[in-house]
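Okay, so here's the structure we're looking at.
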Amino acid sequence: MTANPAGSTSNLDGELARRLSGLVMGPEHPDFDEARRIYNGLMDQTPALIARPADEQDVSEVVRFATEHELELAVRCTGHHIQGFATCDGGIVLDLQDLNQIVVDGQRGTVRIGGGCVMGDVNDTTLAQGVITNGGTYDSVGVGGLFLGGGVNYLVRKYGYACDNILGARLVTADGSVIEVDADSEPELLWALRGAGHGFGVVTEIEARAHPAPPEILAGWLLYDIESAPEVLRFMRDYVVDLPDELFMDLWIFTIESEVYHLPAELDGKLALGITIVYLGDAEQGEREVAVLRERFPVIGDSLAATRYGDLRVRGNDTGGWNRRGLVNFWKSEYLPGLPDEVIDGILETAQGLNPGSDFYLLPIQGRMTEQPDGGAAYGGRTPGWMIQIEGIWPDHEDPGRDRIAWMQGEHERVIAPHGLGCGYQNATMYETPERMRNLFGEEAVARLNALKQRLDPDHVFHRNMQDLIWDSGGGAS
Ligand SMILES: Cc1cc2nc3c(=O)[nH]c(=O)nc-3n(C[C@H](O)[C@H](O)[C@H](O)COP(=O)(O)OP(=O)(O)OC[C@H]3O[C@@H](n4cnc5c(N)ncnc54)[C@H](O)[C@@H]3O)c2cc1C
């Protein structure tokens, strides 16, 4: 669809406001400039309108309004996707933040989550009722992107990606009508929402599995100096394969800020390797499981301790440090079937050139992540092995660091991609190609997804998302 030029939209905010109970902001609104901004400071776009629906009926109105006026539509949960789909130039941002209800059904073992919720609120509500859900590890990241596009938190090895845990949903489609999705009424759409779910409509509610919260867990990190990293990484590639599914681990190569990690000041500015460890069970048992990691290599930092799941907010929100909103971000992700020496040595060499704040993130793909859930899920990323991301973050909004982006993209292509599966984690990557996105889902899934797109959104109203790269009938407008 074609977008109206921004100049011709000046009276539209009043017209839309009369049709909604929720908030509508045009460029004259005092909060508009703040509200138009998203997480990645690289993506600096200005929509004509920002609409904050108060309920599902409002969502339908906004979608109808956008199509009536041929305005581009950007659906936003929190705007964390670094490709910047949650905004646009001259169109409408449909901001779901007021659809934030969370209802736990203890008997069914499920939780119904509004399409605009953030993980911190989901965790608070579920934990208060003795259960936990999949999703993401950061409080401020939204469930819309997480659940519909994958979703990795400490439960992923035991219960699969967040998308694997979707049991049902409510969806506003391109003509503004509402579909209730579950395994009986819409099995094919349920399958699609599990990991390829951003391109069929606005999901106003997700029903997800809730899991019992363990009374106690072992959690924290171990840090190693960069000289030990080659050996630790070589050890980890075999060690992670046979771990119990209760034991989550991820790794990152980063620059130490001694205050953040409560380490001696002389370590400030040094590169290091970190391992996050979360054992979802008895802490003493967890200690025994990971003892080898302390015994075999000298650690320079150790925060592992018995704790409660609710206290795991180690990575917090996006108001401080390198995760604060508005910094320039360039991320590139790759799935790999293994972790060969060339990749270990290559990323350690590349890491020497990373600025403080940037890092490499490594996630073992093991346990339930490698299995399809009951009823199946459209999402790929099931091959046992590793997910590796280069996560470039730097502060200068004025200079978006194009050279740095080109360098990081080049390092991804030189060091990681030749050993990869030709695709990455769609929630944490950018500047992808149709070929790589098709690789992620696989040709059979792509064909099924295309048939659904043709049924539900043949005019590509919902095109500001990663799946827009896989449509036979065009797309790629994002
Ligand atoms: C600081 C930070 C921490 C992160 N931590 C994690 C993590 O721990 N685990 C993890 O797996 N990922 C993590 N991510 C990546 C995260 O999964 C993606 O950024 C994800 O897209 C965020 O979802 P969102 O809804 O908040 O983002 P948005 O940018 O608002 O949305 C992302 C995409 O989803 C669509 N969308 C959003 N909501 C809906 C909806 N209700 N209906 C239909 N479409 C919708 C949007 O249109 C857009 O295409 C992190 C990212 C950042 C920046």
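The figures follow:
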item: Rg followed by Dmax, in Å, when the chain is reduced to its Cα trace; result: 21.9, 68
item: Phi to ³J(HN,Hα) by Karplus 6.51 cos²θ - 1.76 cosθ + 1.60 over segment 301-306, Hz, x for Gly, Pro; result: x, 8, 10, 5, 7, 5
item: Trypsin sites (Lys or Arg not before Pro) within segment 62-110, DSSP loop, no more than 15 other Cβ atoms inside 10 Å; result: 108
item: Electrostatic dipole magnitude of segment 6-94 [Cβ: Lys, Arg +1; Asp, Glu -1; Cα centre; debye, to 20]; result: 140
item: Residue order, fewest to most beta carbons within 10 Å, for 423, 117; result: 423, 117
item: Relative contact order, percent, segment 10-98 [alpha-carbon distance under 8 Å, six or more residues apart]; result: 31
item: Vicinal HN-Hα couplings computed from phi for segment 157-162 (Karplus, 6.51 cos²θ - 1.76 cosθ + 1.60; Hz; Gly/Pro x); result: 6, 8, 10, x, 4, 4
item: Of 365, 322, 418, farthest towards positive along the dipole that unit charges on Lys, Arg, Asp, Glu beta carbons give the chain; result: 365
item: Partner lysines for residue 453 [C-alpha distance under 29 Å; skip if fewer than 8 residues away on the same chain]; result: 332
item: Sites matching trypsin sites (Lys or Arg not before Pro) across segment 302-383 that sit in DSSP coil, with at most 14 neighbouring C-beta atoms within 10 Å; result: 308, 324
item: Positive dipole terminus of the chain, leading residue within 333, 462, 93 (C-beta point charges); result: 462
item: Relative contact order %, segment 242-351, counting alpha carbon pairs below 8 Å whose residues are six or more apart; result: 22
item: Angle in degrees between helix 341-351 and the longest Cα principal axis of the chain, rounded to the nearest 10; result: 70
item: Cα-based helix-to-principal-axis angle, 56-68 vs the chain, degrees rounded to 10; result: 70
item: Alpha-carbon spread of segment 102-213, three principal axes, descending order, Å; result: 38, 27, 22
item: Relative contact order %, the chain, counting alpha carbon pairs below 8 Å whose residues are six or more apart; result: 16
item: Nearest 10 degrees, 0 to 90: helix 187-196 Cα axis against the chain principal axis; result: 60
item: Additional length obtainable on full extension of the chain from residue 15 to residue 100, 0.36 nm per residue less Cα span; result: 28.1 nm
item: Charge dipole magnitude, Cβ of K and R +1, D and E -1 - segment 217-433, Cα centre, debye nearest 20; result: 440
item: Charge dipole magnitude, Cβ of K and R +1, D and E -1 - the chain, Cα centre, debye nearest 20; result: 440
item: Karplus-derived 3J(HN,Hα), 6.51/-1.76/1.60, for each residue of segment 69-86, Hz, glycine and proline x; result: 9, 6, 9, 4, 10, 10, 8, 10, 9, 10, x, 8, 5, 6, 6, x, 5, 7
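Bear in mind that the values in this text are calculations on the coordinates, not laboratory data. Only a predicted model underlies this, so the values are computations on that prediction, with no experimental measurement involved. Quick reminder, even Gly has a Cβ in these numbers, built from the backbone with ideal geometry, and neighbours come from all protein chains shown.
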